[in-house]
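The next block holds one structure in the form of structure tokens; read it before the comments.
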Amino acid sequence: MYGIYIHIPFCIRKCPYCDFYSVTSPEDLRREYLLALRNQILSFSRVSADTVYLGGGTPSLLEPEEIAGLISLIRERFDLADGAEITMECNPATADTARFRGFLDAGINRLSLGCQSFQEETLRSLGRLHSADEAKAAVRDARSAGFRNISVDLMLGIPYETPFIAQQDALIAAELEVHHVSAYLLRICEGTPFADGVPGIPDDDVQAECYRRFCSVMDESGYRQYEISNFALDGYESRHNLKYWECGKWLGFGPGAHMSDSVRRHSFPPDIKGFIDAFRDGPVPDPLSLMRDEGTVDAEEYIITSLRTSSGLDTAVLSSRFGTLLTGDQMSFLEKCRGTGLAEISGGHIRLTRDGFLVSNSILSELI
Ligand code: SF4
């Protein structure tokens, strides 16, 4: 089964840490963009899908009727399974109960709210448009509008963060009774204002303690960590994101979006004007020829993504899908990790422990 990703590359303004592809003048381009997106979608053959994910950018800048139009197009074009997970990312600054109700009526059944933090100071230092109260209100409004599957995105390793702050953010998410929490470590990306220097970034030891405290609150509150940065109540894991981590299949529409048939990857360059030009006149017969070939999905990628999940690396899958096994050197390195409590090895499965997750970058670079 495929997942369907749709990129909505519009934001009210750019956050200073963000390197996702988006532009800040949605009104000029919106109509043309939605038309080009429609034509790109119609250019692809029918597949069966069980997840849809509207990401960005800020999909919640679109009107509920525009979201409804996109979802009915997806239903028309692809065989969408009954009970498909249909997620939309939402910036707390862009929605209230009435809009949430509109998104629900449009067919969205899972919301991913980009709260990032529930602390006023932190939100200011991240240049976010919403306050801590608005972030909390967004969760409540989404629930009162009828959403029964709500995820929040939070960040760790952010300016002036302490373990206490990380713990507070986790506690607030749990008290808000969200179903899923993503907690990504702030990455300083080339080309963003943060790359020129940002004061107050905690050192590695503080970041590690923030992560541990965050995870402990998640454990105590009944969330299961199923990926290095993701926690869910039972049955609320992101089915769409699991496709990425399991090197599965998905179609990705819009500039900057990637797609994979589990063998090869393609992407359209992050250029909205180029995208509109490419798909302005209607569906095209060979859409992949307009996209970048991003190479094959290989064993290395499977090793990296699977070791980020709590189910870990399945050596039987490595062998059957990629025709390879871990080398003797790789196995003895992993045995050493097991000896130091960083990994567990049993029944052909290799998993990183929580301490292993903390140093996963070093483990993976040594392994690969
Ligand atoms: S973090 Fe989200 S809202 Fe901020 S610029 Fe990036 S995509 Fe837009």
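The values are calculated or read from the model by the stated rules, or taken from the named source; none is laboratory data. In this text the structure is predicted, and so the values were computed from the model without any measurement. Ideal geometry is used to build each Cβ from the backbone, glycine not excepted, and the neighbour counts take in all protein chains shown. We work out accessible area using only protein heavy atoms, side chains counted, and drop any ligands, DNA or RNA first. Shrake-Rupley method; radii C 1.70, N 1.55, O 1.52, S 1.80 Å.
Extension gain, T296-E177: 0.36 nm per intervening residue step, less the Cα-Cα distance, totals 38.8 nm. Take every Cα pair under 8 Å whose residues are at least 6 apart in sequence, average their separation, divide by the length of segment 205-321, and the relative contact order is 21 percent. Scanning the chain for cysteines with no neighbouring cysteine C-beta under 4.7 angstrom from their C-beta gives C11, C90, C115, C189, C210, C215, C247, C337. Taking springs between alpha-carbon atoms closer than 10 angstrom, which of C210, C90, C337 fluctuates most in the Gaussian network model of the chain? Fluctuation is largest for C337. The calculated FRET efficiency for the pair R30 and Y160, based on their C-beta separation and a Förster distance of 41 Å, comes to about 0.65.
Extents of the chain, taken as max minus min of Cα coordinates on every principal axis and listed largest first, are 59, 49, 43 Å. The Kirkwood radius of segment 317-368, taken over pairs of alpha-carbon atoms, gives through the Stokes-Einstein law at 4 °C and 1.567 mPa s a diffusion coefficient of 113 µm² s⁻¹. Using the rule -39500 (n - 2.57) for each DSSP H run of four or more residues, divided by the residues of the chain, the 222 nm mean residue ellipticity is -12000 deg cm²/dmol. Placing +1 on each Lys and Arg Cβ and -1 on each Asp and Glu Cβ, with no other charges, gives the chain a dipole about its Cα centre of roughly 600 debye. When a/c reaches 1.5 or more, the comparison of a/b and b/c decides; with that in mind, is segment 1-51 rounded, prolate or oblate per its Cα gyration tensor? The shape class here is oblate.
Apolar share of the accessible surface for segment 299-367: 51 percent from carbon plus sulfur atoms, 1.4 Å probe. The mean sequence separation of alpha-carbon pairs under 8 Å and at least six residues apart, normalised by the residue count of the chain, gives a relative contact order of 16 percent.
The residues of the chain expose, per residue, 43 Å² of accessible area to a 1.4 Å probe.
FRET efficiency for the A137 to E76 pair, using the beta carbon distance and R₀ = 41 Å, is estimated at 0.70. Within segment 334-368, what residues put their amide N at less than 20 Å from the label point 7 Å along the Cα-to-Cβ vector of V206? Answer for segment 334-368: 358-359. On the principal axes of its alpha carbon atoms, segment 197-309 extends 53, 37, 26 Å, with the longest extent given first. Extending 7 Å from Cα along the Cβ direction at K14 and again at S144 yields two label points whose distance is 3.7 nm.
Could you identify which residue out of E134, E227, E190 has the top mean-square fluctuation in a GNM of the chain using Cα springs shorter than 10 Å? The residue that fluctuates most here is E190.
Of all accessible surface on segment 2-243 at a 1.4 Å probe, what whole percent is carbon and sulfur? Carbon and sulfur: 48 percent of the exposed surface of segment 2-243. Kindly state, to the nearest 0.05, the FRET efficiency for E120 paired with S311, given R0 = 51 Å and r defined as their beta-carbon distance. According to the calculation, E is roughly 0.85. Hey, in the GNM for the chain with a 10 angstrom Cα cutoff, which one of A98, A170, A183 fluctuates hardest? Checking each option, the largest mean-square fluctuation is seen for A98. Here the gap between V359 and D96, fully extended at 0.36 nm per residue and compared with their Cα-Cα distance, gives a gain of 90.7 nm.
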